[in-house]
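Beneath this line is the structure, given in structure tokens, with notes to follow.
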Amino acid sequence: MSNKRAAFPRILLPVVIVALPAVLLLSSVRTFRELEEQKSVYLRVRAAAVAGALENLSDAGGDSAAFEALSETESSLLDLELLRRDTPAGRGESLAPLWEGQELFRTEYLTEDGKRIYRAWVPFHSIDGLRLARIDLDAAAADFLMVHARHNVIVSLAGGLAVIVLAAYAIWSARHAAALEVRHLELEHMARIGQMSAVLAHEIRNPLGTIKGFAQLIGESRENPHRELVDPILAETTRLENLVKDLLLYGRPPRPQIRMTGWAKTAQAISSHAAHLLGKTAARFELSGPDLAWETDPEILEQALLNLLRNAAEAIEGQSGGEIRLEALPDGNSGVTVALSDNGPGIPEEIRTRLFEPFRTTKAFGTGLGLSITRNLARSLGGDLFIEAAGGGGTRAVLRFPHAKARMSEARKD
């Protein structure tokens, strides 16, 4: 339920960021359409004013005299034609509804010589009776309605987008600050766990060494009839020793002694461990990549890779055709990537996201510190650890050292 609640704001934010500009855009389009209608209304009113003025003019001089008289007061007037019903031009069937009073106004937009014209057919009463006027107005005369409105809409749209951007930035900043705070609390929590683990491991180590020492003495005594009972004691003390070792590594990571180190020696050591861990199984261990050398602590690097190797061996245990592959490759100008992959069952995504939480494990045994320790070791060497899904199934553990100052080893150069 909590995951659904957490996912809702993550989904809502992009929806809001996309929806609000869309709403503003649709509102702007609607505003411009309404303004276009207002332009038509304005031109219609101007044409009606021209028709009203015609009723007060005499027919002397004809169309040209009327045009000259009206163009002085109506600057948008482009052309004027006055029709009688008994003239050929006035007897058109299309004009019949206007003559009969079925239409009081007819308008259309035309384009002539690149100029947009608003044409209105308007019946009016003159001294000689009913007449019909064809009035052509310059449609640009109504553009002044759009200028200020267009500016206002653009400013409003820009302001709305700015508010959205600022809101999105504020939300992102708040979430980023919250994430940093959570990370800070996690680091403090991990530091306390590390200190407690180191103290606890130190207090356990001494009595554990005593128990193991006496158990070994009892096991070496030939006269003891209960020697077979000592073996489980030694096995469990060995397991506790490994736990103590993990606690100490987690609580007090070793300080690296950085020096130029050849990859061949480290790879050979890991290969020997692989042969021991895989034993008589049919699983294969493969090495690949060029013979590199880079600045690192070989002991810490070997410890990190050994932890990853144990995990891979456990993942393919009992699997037919199991395979583990280790490779070191140049990464960038002087970086190095060391990857260890297996073709085991892989790790589910929901578990992979929490792999580095200390004391969290899906195994029936173990401390759940292995990957946390390995990542700490990698970071002490200036790198980091990433767990990925391998192609075709399995898991790929990647150690990246971006500033390793890698080069080809001297042995390879010779």
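The values are calculated or read from the model by the stated rules, or taken from the named source; none is laboratory data. Remember, it's a predicted structure, so these values are computed and weren't measured experimentally. Cβ coordinates were reconstructed from backbone atoms using ideal geometry, including for glycine residues, and neighbour counts include every protein chain displayed.
With respect to GLU81, is the statement that it is touching a residue at least 12 places away in the same chain (Cβ under 8 Å), surrounded by fewer than 19 Cβ atoms within 10 Å (Cβ to Cβ) and of a type outside the set (S, T, N, Q) true? Explain how you work it out, then say what you get.
On the way: touching a residue at least 12 places away in the same chain (Cβ under 8 Å): yes; surrounded by fewer than 19 Cβ atoms within 10 Å (Cβ to Cβ): yes; of a type outside the set (S, T, N, Q): yes.
It is true that GLU81 is touching a residue at least 12 places away in the same chain (Cβ under 8 Å), surrounded by fewer than 19 Cβ atoms within 10 Å (Cβ to Cβ) and of a type outside the set (S, T, N, Q).
Suppose we filter LEU240, LEU217, LEU247 for residues that are at pLDDT below 70 and part of a helix (DSSP H, G or I); which single one remains? If you could, list the steps in order and put the result at the bottom.
On the way: LEU240 fails: at pLDDT below 70; LEU217 fails: at pLDDT below 70.
After ruling out the rest, the residue left standing is LEU247.
Of all residues being assigned to a loop (DSSP other than H, G, I, E, B) and aliphatic (A, V, I, L, M) in segment 342-372, which is modelled with the highest pLDDT? Just the residue, please.
Keep residues of segment 342-372 that are assigned to a loop (DSSP other than H, G, I, E, B), which gives 343-348, 353-369.
Pick out the ones that are also aliphatic (A, V, I, L, M) and you get 347, 355, 364, 369.
Numbers: ILE347: 81, LEU355: 75, ALA364: 54, LEU369: 75.
The residue in question is ILE347.
Would you mention how many residues in segment 24-52 are of a type outside the set (A, V, I, L, M), over 28 Å from THR73 (Cα atoms) and either touching a residue at least 60 places away in the same chain (Cβ under 8 Å) or not assigned by TED's automatic domain parsing to the domain that holds ARG131 (or both)?
Residues that pass the stated criteria total 3.
Is it true that ILE324 is in contact with a Phe, Trp or Tyr (Cβ under 7 Å, 6 or more places away or on another chain) and within 23 Å of GLY370 (Cβ to Cβ)?
Answer is yes for this residue.
With ARG106, ARG84, ARG134, ARG116 as the choices, which residue is assigned by TED's automatic domain parsing to the domain that holds ARG44, touching a Gly at 6+ places or on another chain (Cβ under 8 Å) and among the basic types (Lys, Arg)?
Values: ARG106 fails: touching a Gly at 6+ places or on another chain (Cβ under 8 Å); ARG134 fails: touching a Gly at 6+ places or on another chain (Cβ under 8 Å); ARG116 fails: touching a Gly at 6+ places or on another chain (Cβ under 8 Å).
Result: ARG84 is the single residue among ARG106, ARG84, ARG134, ARG116 that is assigned by TED's automatic domain parsing to the domain that holds ARG44, touching a Gly at 6+ places or on another chain (Cβ under 8 Å) and among the basic types (Lys, Arg).
Here is a list: ALA293, ALA328, ALA264. Which entry is assigned by TED's automatic domain parsing to the domain that holds LEU381 and surrounded by fewer than 20 Cβ atoms within 10 Å (Cβ to Cβ)?
Step by step, each of ALA293, ALA328, ALA264 is checked, and only ALA264 is assigned by TED's automatic domain parsing to the domain that holds LEU381 and surrounded by fewer than 20 Cβ atoms within 10 Å (Cβ to Cβ).
Suppose the filter is farther than 30 Å from ILE164 by Cα, in a strand (DSSP E or B) and either modelled with pLDDT of 85 or more or touching a Ser or Thr at 6+ places or on another chain (Cβ under 6 Å) (or both); does ARG116 pass it? If you could, list the steps in order and put the result at the bottom.
Working: farther than 30 Å from ILE164 by Cα: yes; in a strand (DSSP E or B): yes; either modelled with pLDDT of 85 or more or touching a Ser or Thr at 6+ places or on another chain (Cβ under 6 Å) (or both): yes.
Yes.
Among the residues of segment 45-104, which ones are on the phi > 0 side of the Ramachandran plot and touching a Leu at 6+ places or on another chain (Cβ under 8 Å)?
The first filter runs over segment 45-104 and keeps only residues on the phi > 0 side of the Ramachandran plot, leaving 61-62, 101.
GLY62, the sole residue that qualifies.
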